[in-house]
Each structure stands twice: as structure tokens, then as C-alpha cells.
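Engineer: One structure coming up, written as C-alpha cells, with questions to follow.
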Amino acid sequence: MRIDVINIKELTEGMKQNWLIMQSSNPSLMNPFFHPELFIAVAKYYPDVYVALIYKENVLKGFLPFKRGSDSKEANPIRFCNYEGIISSPDQEWDIDMILKKMDLCIWKFDALVDFKGIRSKRGDSQERQALGIDLSCGLEAYWAYIQTKKVRLKDLNDKRRKLGVIKGPLKFVPNSYNTAVLNQFVQWIRARYNHDTAWANETQETLEHIYHMQSPGLQVIMPALYAGDEIVAVDFHIRYQDYLGGVLRTFNPNFEKFSVGVLLLHDIINEHKALGFNKFDLGPEPFQYKLEYSNSSFPTIKGDFRADCFKEQIKSINWLHQILLPVARIKGKIVSKLSKRK
């Protein structure tokens, strides 16, 4: 096995094509969060995004994207990329201890690792959790019939939609509301909700702008929004790759929280899925209540880390340093001894 680690921005067009071929061959990876252009877009703001090119018998067999931590021996999750994994065909098996060693890493941390059955590791700590989604392949009628079996209070939501319309004016769904002003408002709502600082808001807005302008066949970024009268009350930021929609961020105007405007927007996105070009909607691994209520599909992920045996390497480094410094110390000792005799 051979591994080359390069900055993600150094991917050639040929490498990208190999990446997309491997991704399309593996159903577990057919998700916009594994598209190479997303990692490249994020790297325009975060320069420490890398990818390991994994070769077997001199043939490129896999890609492992990661963010290098402040400790250069650590690989971390990449912001705005909801999942981690090795981009490869589904029949591959990986000795992660050997991979990390060849990458000169001691630990690989992940929040939601997919397609992990083919990864072997002797060290690390992880726990499994389900990533939730919406599958509309069988049609809207079948989907809503299933949701009603979960006792979701759809009538209450319809009442809220009606009341909000009376107060603010007719509700309108906009499939893509993107412009700089809407994006800025979107980021500010998130910032206020989670008490982020100005620096966070600036880097988030700039990165989302880079993501929005990604260009690749079958890849599209949309910001569906819900308006009440002339006022925007909820907006999402999603990435679509082929017929798969990936939810990046969702937020709403806090003044209208009591009307559940975020969920009302979710309803509109689901009902307009054909116009938006998707059948599958990834909701992510965090188990928020609305996800539990509206999901009808899931797949396993694991959160945790894999660790390489770096202790032996550290001992070797210490021994190597000792071998260099010992003669120096001896020479210094002789010099000090001679000087003291002269005194």
C-alpha cells in the first residue's frame, strides 16, 4: 500500500473523475457531502483540508479527505461536510492502523463515519448512531400516510399556517431565494440562536458563498425559503447531487418560532421535491425531534476515533534524538572539564 497526502486543492481533473466513479459505485457514498467539489469549496476558506490518496499495487483505490488539526498528527472532521468516510468502491477493505501510520497521523476523529464495515482498526473508541432521512421514492401519498402513523400533529401545523397567513399575509414558498442579503440574514439568525461571535459569522458566510458557487454536473446548491407576505420567515441551505438532497443548515426568524415556520418550510420542500429534483433528503445524524417525526429512512454511522500505535514511533524519535545529542553532551562535558582545570 502506498499513500500520498496532498492539499485538497491539488486534486487534478483526472483524480476528481476517479473520485466520482468510486463514489457512484458505492451506494453508501451517494450523498452530496462526499462530492469532491464540496471539500474544495470549503478549503477556499480553510487551507488545512487534505486528502490521502490510497494506492494498492500502484493503482489508486481510495480517497480519505480530512482536516489537519492543530496537532499535525491529528485528522479532524471538515466543517460543513456532515459525514466522513473513505471514498472507494464498496468491496474494499482497509487496515486503518497502517493507513494512519503511512499518513504520519496518530488519530482520525470523526462525527459520522459511513461505510465503516470494511475498515479494520485495533485501537479507537466509537459508538453507532443512525443518520435520519426522508425517502420519497414511493411517492408523496405513501410518505404522508406513513407519517400519519407516527401521530405527527399535521392539523395543528395547518392551523399555524393559516393563522400566520392571516397575520402577515399569504405564505409563499420560494425554491431558491439565494442572494447576498438573504444569506447574510440566514447567517445572522444562526449566529443569534447559538450565540456565535462576529468572526464565526464572517467565516460562515464566506464559506457558504464558496459552496453556493460550486460547479459540477448534477451538483446544485439551493436556499429554499418561506415568506409570509413580503417577509422571509424561514430559510434552508441545501446541496443536491443527482436525486439526493443534503441538508447543510436550517434556520428561521425567531419572531415567528411559535408558528413552527421551520417545519412549515420542511413541508413545502417535501411537497415540491419533484420540482427541486430530489427523491432522498438527508437530515443528518443529530436526533432533533422534527427529524424523528418526519424521517422514514436511516443508515448507520459511527462517532468517535481510530488511533494508530504512535507510542513506538515516539520512542524511536526519542532514541534517535538521544543518539544525536549524546555525543554533543559528551563534547560539552569535555570542554567544561578542560576549562575548569585551567581555572
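Engineer: Considering only Thr204, Val263, Asn176, whose Cα is most displaced toward the positive end of the charge dipole of the range 138-278, charges sitting on Cβ of Lys, Arg (+1) and Asp, Glu (-1)?
Structural biologist: Final value for the positive-end residue is Val263.
Engineer: For the chain, how big is Rg over Rh, using alpha carbon atoms and the Kirkwood form of Rh?
Structural biologist: 1.12
Engineer: If you take the beta carbon distance between Asp125 and Ser298 as r and set R0 to 25 Å, what does 1/(1 + (r/R0)^6) give as a FRET efficiency, to the nearest 0.05?
Structural biologist: Taking R0 as 25 Å, the efficiency between Asp125 and Ser298 is 0.65.
Engineer: May I ask you to derive the FRET efficiency for Val5 and Met30 from their Cβ-Cβ distance with R0 = 35 Å, giving the value to the nearest 0.05?
Structural biologist: The value I calculate is 0.85.
Engineer: Here is a further query. What is the distance in Å between the Cα centres of the range 187-242 and the range 149-182?
Structural biologist: Each part reduced to its Cα centre gives a spacing of 18 Å.
Engineer: Could I get the Rg over Rh figure for the range 13-150? Both from C-alpha atoms, Rh via Kirkwood, rounded to two places. Kindly include the intermediate steps, with their values, before the conclusion.
Structural biologist: On the way: Rg = 16.8 Å, Rh = 16.5 Å.
Checking Rg against Rh, the ratio lands at 1.02.
Engineer: Here's a follow-up. How many nm separate the modelled label positions at His213 and Thr198, each set 7 Å beyond the Cα in the direction of the Cβ?
Structural biologist: Taking the simple label geometry, His213 and Thr198 are separated by 2.4 nm.
Engineer: Given Cβ point charges of +1 (Lys, Arg) and -1 (Asp, Glu) and nothing else, what value in debye, to the nearest 20, does the dipole of the chain about its Cα centre take?
Structural biologist: Charge dipole, the chain, about its Cα centre: 1860 debye, nearest 20.
Engineer: Would you calculate, for the chain, the mean residue ellipticity at 222 nm contributed by helices, counting each DSSP H stretch of 4 or more residues as -39,500 (n - 2.57) and dividing by all residues, to the nearest 500? Walk me through the intermediate numbers first.
Structural biologist: On the way: 11 runs with 136 residues, N = 343.
Roughly -12500 deg cm²/dmol at 222 nm, from the helical runs in the chain.
Engineer: Another one. Between Ala145 and Asn255, take the C-beta separation as r, use R0 = 41 Å, and let me know the FRET efficiency to the nearest 0.05.
Structural biologist: The formula returns an efficiency of 0.75 here.
Engineer: What Cys residues in the chain are without a partner cysteine, judged by a Cβ distance under 4.7 Å?
Structural biologist: Cys81, Cys138
Engineer: Given the convex hull of the Cα atoms of the range 138-278, what is a quarter of its surface area in nm²?
Structural biologist: Result: 9.2 nm².
Engineer: Another one. Give a residue-ordered list of calculated ³J(HN,Hα) values for the range 302-308 (Karplus: 6.51 cos²θ - 1.76 cosθ + 1.60, θ = phi - 60°; whole Hz; x for Gly, Pro).
Structural biologist: Here the 3J(HN,Hα) series is 10, 10, x, 7, 10, 10, 8 Hz.
Engineer: Among the listed pairs Lys73/Lys117; Lys150/Lys172; Lys67/Lys109, give every one whose C-alpha distance is greater than 18 Å.
Structural biologist: Correct reply: Lys73/Lys117; Lys150/Lys172.
Engineer: What's the local net charge at Glu286, with K and R +1, D and E -1, over the other residues with C-beta under 13 Å away? Don't jump to the answer; show the numbers that get you there.
Structural biologist: Values: positive: Arg129, Arg250, Lys291, Lys303; negative: Asp111, Asp282.
Residues close to Glu286 contribute a combined charge of +2.
Engineer: On to the next question. To the nearest Å, what is the center-to-center distance of the range 285-310 and the range 23-54, using C-alpha atoms only?
Structural biologist: Using only Cα atoms to place each centre, the spacing works out to 19 Å.
Engineer: Something else now. Give me the net charge for the shell around His273: Cβ to Cβ below 14 angstrom, other residues only, Lys and Arg +1, Asp and Glu -1.
Structural biologist: -4
Engineer: Net charge near Thr301: determine it from the other residues with C-beta under 13 Å of the C-beta of Thr301, scoring Lys and Arg +1 and Asp and Glu -1.
Structural biologist: Local net charge: -3.
Read the figures in this text as sums done on the coordinates, not as results from a lab. Treat the numbers as computed from the prediction; the structure is a model and nothing was measured. Please note: Cβ atoms are built from the backbone with ideal geometry, for glycine as well, and neighbour counts cover all protein chains shown.
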